[in-house]
Amino acid sequence: MFDGIDAVILPAHDITALRTLYVELFGFTEIAETDVSDPAWQRLWHLPAAATRSVLLGKPASDGGWIRLVEAPGLPAPAPAGRPDRVGAYALDFYLRDPAGVEARIEAGGWTFRSPAVHYALPGTDIPVRERMLDQPVSGLLHAMVQYRARGTRCVIDQDPGLDASEVVAAVFVTDRFEEAVTFATDVLGGHLYFRGRFDGPAVERMLHLSPGEGLAAALFRGPASRNARLEFAKAIGSGAATAPPDPVPRVIASCAVDDLAALAGRLAGGRHGPTTGIVTIEGVRRLGLASTYGATFEFHERAHPAPAAVPAA
């Protein structure tokens with residue numbers, strides 16, 4: 001059963017800049033650096049080039065939402081992040097305790113935001129949201145920087161008052177098969193749909209550089225323990241449909257622990273939801289890779305018993 005994304009895997013031709021961004025500016029801790037010598041990793045992650053090393057970053061008090069940087073020197077450069085007009089990985093979400101302070105630190109580090117902060121009500125509620133989009137061009141992703149609300153936006157900041165930036169709290173994938181993606185997340189993965197709505201209006205248009213009337217429809221999923229990061233499928237609404245060619249590289253791979261890998265493999269058999277690797281054992285852990293037809297790429301690994309830490313094995 002899906003219970004959150006343990007780690008988001010970010011493959012890039014050179015991870016040096018990403019290591020600086022997430023460790024020095026987002027406050028992640030470097031947990032481990034390993035060589036990636038087994039060619040099975042490339043197949044598992046559906047990469048068009050071989051990986052050579054991996055750096056695992058985490059927030060030690062968090063329950064999921066870690067980052068695994070994977071260096072694969074043969075990968076092509078990504079298309080620039082921007083409009084949700086391409087099926088595949090689109091954004092990672094973070095919560096910030098002091099948004100202006102964290103954003104200033106990131107800008108001083110040489111990174112660029114797409115627009116000033118915007119304010120809007122969470123769809124279907126009167127809950128205020130302050131959000132700003134960071135351009136992360138190494139992966140061709142956006143990072144949604146959302147103001148943390150005590151007891152309202154669950155993340156590691158709840159556990160550690162010294163932190164001003166959270167773990168990854170959601171991974172967003174654009175799909176052109178939205179209703180099927182929702183069914184996949186609930187019926188195949190066993191995720192709980194806890195939010196479904198539209199992100200549109202003038203503030204969202206300014207933030208994402210959209211035309212009037214454009215926006216996103218989104219569905220978010222979590223598990224029974226509500227661990228981070230959550231899974232989000234989104235589709236463009238209005239005239240901004242996902243028509244750009246897909247990126248040949250999965251720029252985000254969602255790494256998720258499951259209790260019964262064989263049962264999941266059975267539900268994925270036949271290729272209806274996309275090509276899988278079948279169950280493979282790498283470094284003593286049974287794993288399964290899926291390049292789903294819904295724009296999201298996954299690495300599922302068998303959960304150890306008793307329950308493991310919040311990240312997969314390096």
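The values are calculated or read from the model by the stated rules, or taken from the named source; none is laboratory data. Not measured: the values here are computed from a predicted model. Here Cβ is always computed from backbone atoms with ideal geometry, including for glycine, and neighbour counts include all displayed protein chains.
Listing for the model above:
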{"read-out": "Residue in region 117-126 that is hydrophobic (A, V, I, L, M, F, W, C) and modelled with pLDDT of 95 or more present", "value": "yes"}
{"read-out": "Candidate set: region 70-87, residues that are in a loop (DSSP other than H, G, I, E, B) and charged (D, E, K, R); chosen: the one surrounded by the most Cβ atoms within 10 Å (Cβ to Cβ)", "value": "Arg83"}
{"read-out": "Long-range neighbours under 8 Å by Cβ, at least six apart or interchain, first residue acidic (Asp, Glu) within region 105-134, second buried (at least 16 other Cβ atoms within 10 Å of the Cβ) and assigned to a loop (DSSP other than H, G, I, E, B)", "value": "Glu131/Ala117"}
{"read-out": "One residue from Thr243, Thr183 being over 30 Å from Pro73 (Cβ atoms) and free of Cβ contacts under 8 Å to residues at least 40 places away in the same chain", "value": "Thr183"}
{"read-out": "Subset of region 234-245 that is assigned to a strand (DSSP E or B) and not β-branched (Val, Ile, Thr) - its residue that is nearest to Phe94 (Cα to Cα)", "value": "Ala234"}
{"read-out": "Restricting region 34-55 to residues that are touching a Ser or Thr at 6+ places or on another chain (Cβ under 6 Å) and assigned to a strand (DSSP E or B), the residue that is farthest from Ala7 (Cα to Cα)", "value": "Thr34"}
{"read-out": "Residues located in region 55-83, provided they are under 14 Å from Asp135 (Cα atoms) and more than 15 Å from the chain's Cα centre (by Cα)", "value": "Pro78, Ala79, Pro80, Gly82, Arg83"}
{"read-out": "So Glu103, is it at pLDDT 95 or above and over 20 Å from Glu205 (Cα atoms)", "value": "yes"}
{"read-out": "Region 219-237 - residue that is charged (D, E, K, R) and at pLDDT 90 or above and, of those, nearest to Ala7 (Cα to Cα)", "value": "Arg230"}
{"read-out": "From the options Thr112, Thr125, residue that is β-branched (Val, Ile, Thr), in contact with an Asp or Glu (Cβ under 6 Å, 6 or more places away or on another chain) and surrounded by fewer than 17 Cβ atoms within 10 Å (Cβ to Cβ)", "value": "Thr112"}
{"read-out": "Residue match in region 285-301 (condition: among the hydroxyl-bearing types (Ser, Thr, Tyr) and without any contact (Cβ under 8 Å) to a residue 60 or more places away in the chain)", "value": "no"}
{"read-out": "Residue under evaluation Tyr22, criteria (1) under 17 Å from the mean Cα position of the chain (by Cα); (2) of a type in the set (Ser, Thr, Tyr); (3) surrounded by fewer than 19 Cβ atoms within 10 Å (Cβ to Cβ), criterion not met", "value": "(3)"}
{"read-out": "Matching strands (runs of 3 or more DSSP E) fully within region 125-233 where at least 1 residues are of a type outside the set (A, V, I, L, M, F, W, C)", "value": "128-136, 141-147, 192-200, 215-222"}
{"read-out": "From the options Ile31, Ile67, Ile5, residue that is modelled with pLDDT of 95 or more, in a loop (DSSP other than H, G, I, E, B) and closer than 30 Å to Ala150 by Cβ", "value": "Ile5"}
{"read-out": "Identity of the residue in region 274-314, part of a loop (DSSP other than H, G, I, E, B) and closer than 12 Å to Trp41 by Cα, that ends up modelled with the lowest pLDDT", "value": "Ala314"}
